[in-house]
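What follows is a single structure, written as structure tokens, with notes after it.
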There are 2 protein chains.
Amino acid sequence: MKVENPAERCTSSGGEDFFNITPLWSSGEGIYSEIVLSSRIRLARNLAAFKFPILSSVKEIEEVFAFISERISFVPIFSLAHFSAFEHKLLLERHLVSNELLKEIAGRGVGIFSGESISFMLNEEDHLRMQSIVSGLELALAYKKLNELDDTFSTSLGFAFSPKFGYLTSCPTNVGTGMRASVLLHLPALVHSSKIRKIVDNLASIGFIVRGFHSESAHIEGNFFHLSTQPTIGRKEEDLISGLHKIVMQLIEYENSARELLLKNAHLQVEDKIWRAMSILKSARLLSVDEFVNLSSAVRLGVGLGILKDVKISTLNQLLIFVQPAHLGKLLGEPKELAEYDMRRAMYVRELLNKGG
Amino acid sequence: MKVENPAERCTSSGGEDFFNITPLWSSGEGIYSEIVLSSRIRLARNLAAFKFPILSSVKEIEEVFAFISERISFVPIFSLAHFSAFEHKLLLERHLVSNELLKEIAGRGVGIFSGESISFMLNEEDHLRMQSIVSGLELALAYKKLNELDDTFSTSLGFAFSPKFGYLTSCPTNVGTGMRASVLLHLPALVHSSKIRKIVDNLASIGFIVRGFHSESAHIEGNFFHLSTQPTIGRKEEDLISGLHKIVMQLIEYENSARELLLKNAHLQVEDKIWRAMSILKSARLLSVDEFVNLSSAVRLGVGLGILKDVKISTLNQLLIFVQPAHLGKLLGEPKELAEYDMRRAMYVRELLNKGG
């Protein structure tokens, strides 16, 4: 397993280093990657020999950190204290840490592997929150990657497990597999045709969770959706994954039908919207995150429909990461005023897209 | 005086012929032509030997038409009946005829000279409505051109003139010089800084008329304004013209100050707006007249500020004429559905601007 050093990657000095590295999931090479941006598996694990983090003192949490660091020393683990506050923001924007984890620094840490396709948080809600994230609709692949790590860690660390309930976690909803499988979907035609509301309601009624682009909020932005399994006791990992896979395959079919209909009934309107979005991204001098996300959705649709031929999905994915404030600051220097972010964002997007990305 | 044959130019058959001819005023070569699109002089004249058109029967109007055609046979005059209904729309869009003139066909006619820089209507409200229109702020030049024609016509036709009141016209407000001088102005910075309302009020209070882009309505579109003299008894042509000239010079100064301030206080916002406008015009697949007029205003400002270097004012002027429905129909064939106009307009604008106009 190739292990990169996140501390090296995230130094605030250069910029170049971090800039050159994009997460593997953003390659756009997975199947259906124009509609399914990424597949993600998360496993929650706790050490049998220690109290759960939520019940622990700082000292106990630091003991867990030391224990884990020693037992799995073949993996570089970094304390949050190794990073600056600015670097915490970078990690957050890359979804490598959670807001929850950043609330405390002492005893909290992070591990990042293989181009960010595997990472874990130490002493968040649970002792270990491992995640695997890959391009396209590849839930089984993501699970396979993470499962190997889980086995290794299990042997070294000894996880809290009940034969009756399964893996034990801080939050009762995670007890069992401790797993959550999720995908990030792009469903512009279903949003445009107003079918999405009913679909979301149906998905919720059969036990799935649907969230907007910023997974914390239910607000729909840029026609992006996080779809994930509800954690459930008594179901196997494979069943949860195949259930989600089936649902996603169905959504892809719905989305493609809606696209065909859209092209049939409003071809010019769709083309107009796509070309305008592309040219605004290529020429704007000021750009907010929200506007970028929305315009990039139209461009992504344009790529999917074969209307825009010179844009790569990987470029659009890369932009989704690097238009965020901390990433812009890393690339172009921290701006003096908040308003400068919009200028730098526009500059960055313009450069990347005019390069013929 | 070079005389072109408007009937040849306006046949509905070819398209190419009409397409290739743009009015001389659109050249953008006159002074201040980025702010002052055109200067226009209009003279209202009536024949002493005949009743005014509004008091005449169709037969009498046709007699006037015959009389004028015979007396000034060195100029080709065309009856409206020579043109198709579609060609009437073309003439209207070029401001060579008025809606008023088109209400009746019999005995009504039009003469067009020198790349449309001089034209006249026969038997509109007055027997003769002559106009001269030139690029930029060139009121004296426009007047000089028209004055020569006026003298020639006067000798041949004998105009109704009272030593006390001056030239006699159908509408009492035109009595005197029968003249109206006007300019088409582009004042985006004054609109943006909200100073325009006060300026318009002031201009009205000292006897000027301010209208929007479509001179019939007071609605402001694309930051374009028609500014004209009130017809006034007892004032000389030269005084009216120099009065308007002075006011326009002042408006140019105000506009330029407002532009400097805008660049100082909101440079990025202005640049952003200009580049977005340009790129939308270069890429849209659907475009209404209103949207074109508004976006072209931002582009025109960009040219004026030196931000857009590859766009010619003449191209923007040409587009203002050719994006109109009849002109589009002439160029690209009459569309079957109304919605097609927006598509053809977008196509035409795209082609012209991407050519590097």
- Message: So, in region B:230-285, how many residues would count as being more than 13 Å from chain A (Cβ to nearest Cβ), within 24 Å of B:LYS312 (Cα to Cα) and open to solvent by 80 Å² or more (accessible area, probe 1.4 Å)?
- Response: 3
- Query: Out of region A:138-164, which residues are free of Cβ contacts under 8 Å to residues at least 24 places away in the same chain and outside any helix (DSSP H, G or I)?
  - Reply: A:SER162, A:PRO163, A:LYS164
- Near pairs, Cβ below 6 angstrom, 6+ apart or cross-chain, from region A:27-47 (within 21 Å of A:PRO231 (Cβ to Cβ)) to any residue that is among the basic types (Lys, Arg) and crowded, with 23+ Cβ neighbours inside 10 Å: A:ALA44/A:ARG129
- What are the residues in region B:18-41 that are modelled with pLDDT under 95 and within 12 Å of the chain's Cα centre (by Cα), if any? B:PRO23, B:LEU24, B:TRP25, B:SER26
- Note on the structure: For A:PHE292, the lone unmet condition from (1) in contact with a helix residue (DSSP H, G or I) (Cβ under 8 Å, 6 or more places away or on another chain); (2) open to solvent by 30 Å² or more (accessible area, probe 1.4 Å); (3) closer than 28 Å to A:ASN99 by Cβ; (4) within 14 Å of chain B (Cβ to nearest Cβ) is (2)
- Task: Return only the number of the condition from (1) closer than 24 Å to A:TYR32 by Cβ; (2) in contact with a Lys or Arg (Cβ under 9 Å, 6 or more places away or on another chain); (3) at pLDDT 95 or above that A:ARG180 does not satisfy.
- Result: (3)
- Item | Residue that is modelled with the lowest pLDDT, among those in region B:330-347 that are away from every other protein chain (no Cβ under 13 Å) and closer than 15 Å to B:LEU90 by Cβ | B:GLU334
- Message: Suppose we filter region A:71-87 for residues that are among the basic types (Lys, Arg) and farther than 14 Å from A:LEU157 by Cα; how many remain?
- Response: 0
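Yes/no matrix, rows are residues, columns are (1) farther than 18 Å from A:LEU90 by Cα; (2) of a type outside the set (Gly, Ala, Ser); (3) under 20 Å from the mean Cα position of the chain (by Cα); (4) not assigned by TED's automatic domain parsing to the domain that holds A:LYS144:
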{"position": "A:GLN250", "(1), (2), (3), (4)": "yes, yes, no, no"}
{"position": "A:LEU281", "(1), (2), (3), (4)": "yes, yes, no, yes"}
{"position": "A:SER296", "(1), (2), (3), (4)": "yes, no, yes, yes"}
{"position": "A:VAL311", "(1), (2), (3), (4)": "yes, yes, no, yes"}
{"position": "A:LEU328", "(1), (2), (3), (4)": "no, yes, yes, yes"}
- Message: Tell me yes or no: at least one residue of region A:181-196 is open to solvent by less than 60 Å² (accessible area, probe 1.4 Å), in contact (Cβ under 8 Å) with a residue 12 or more places away in the chain and either within 14 Å of chain B (Cβ to nearest Cβ) or in contact with a Pro (Cβ under 7 Å, 6 or more places away or on another chain) (or both).
- Response: no
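Any residue at all in region B:117-124 that is under 25 Å from B:GLU255 (Cβ atoms) and either among the β-branched types (Val, Ile, Thr) or within 16 Å of the chain's Cα centre (by Cα) (or both)?
No: zero hits.
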- Query: Restricted to region A:67-84, and to residues that are surrounded by 17 or more Cβ atoms within 10 Å (Cβ to Cβ) and touching a Ser or Thr at 6+ places or on another chain (Cβ under 7 Å), which residue is farthest from A:ALA48 (Cα to Cα)?
  - Reply: A:ILE77
- Query: B:LEU91: within 30 Å of B:PRO335 (Cα to Cα), assigned by TED's automatic domain parsing to the domain that holds B:THR173 and among the hydrophobic types (A, V, I, L, M, F, W, C), yes or no?
  - Reply: yes
- Query: Which of the helices (runs of 4 or more DSSP H) contained wholly in region B:301-357 include at least 1 residues that are open to solvent by less than 50 Å² (accessible area, probe 1.4 Å) and within 17 Å of B:ALA277 (Cβ to Cβ)?
  - Reply: B:313-322, B:340-354
- Does region B:18-28 contain at least one residue that is in contact with a strand residue (DSSP E or B) (Cβ under 9 Å, 6 or more places away or on another chain), open to solvent by 50 Å² or more (accessible area, probe 1.4 Å), outside any strand (DSSP E or B) and within 15 Å of B:ALA142 (Cα to Cα)? yes
- All positions within region B:116-156 that are small (Gly, Ala, Ser), under 15 Å from B:HIS95 (Cβ atoms) and touching a Phe, Trp or Tyr at 6+ places or on another chain (Cβ under 8 Å): B:SER117, B:SER119, B:SER132, B:SER135
- Looking only at region A:197-217, decide whether some residue is polar (S, T, N, Q) and within 23 Å of A:SER132 (Cβ to Cβ). yes
- Message: Given the criteria within 12 Å of chain A (Cβ to nearest Cβ) and surrounded by fewer than 22 Cβ atoms within 10 Å (Cβ to Cβ), does B:GLU221 qualify?
- Response: no
- So is A:SER194 among the hydroxyl-bearing types (Ser, Thr, Tyr) and within 25 Å of A:GLY302 (Cβ to Cβ) or not? yes
- Condition met for A:GLU291 (closer than 30 Å to B:ASN265 by Cα, in a loop (DSSP other than H, G, I, E, B) and free of Cβ contacts under 8 Å to residues at least 24 places away in the same chain): no
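The values are calculated or read from the model by the stated rules, or taken from the named source; none is laboratory data. Please read these numbers as outputs of a predicted model, since none were measured by experiment. Note that each Cβ is placed from the backbone with ideal geometry, even for glycine, and that neighbours are counted across all protein chains shown. Only protein heavy atoms, including side chains, enter the accessible area calculation; ligands, DNA and RNA are left aside. Shrake-Rupley method; radii C 1.70, N 1.55, O 1.52, S 1.80 Å.
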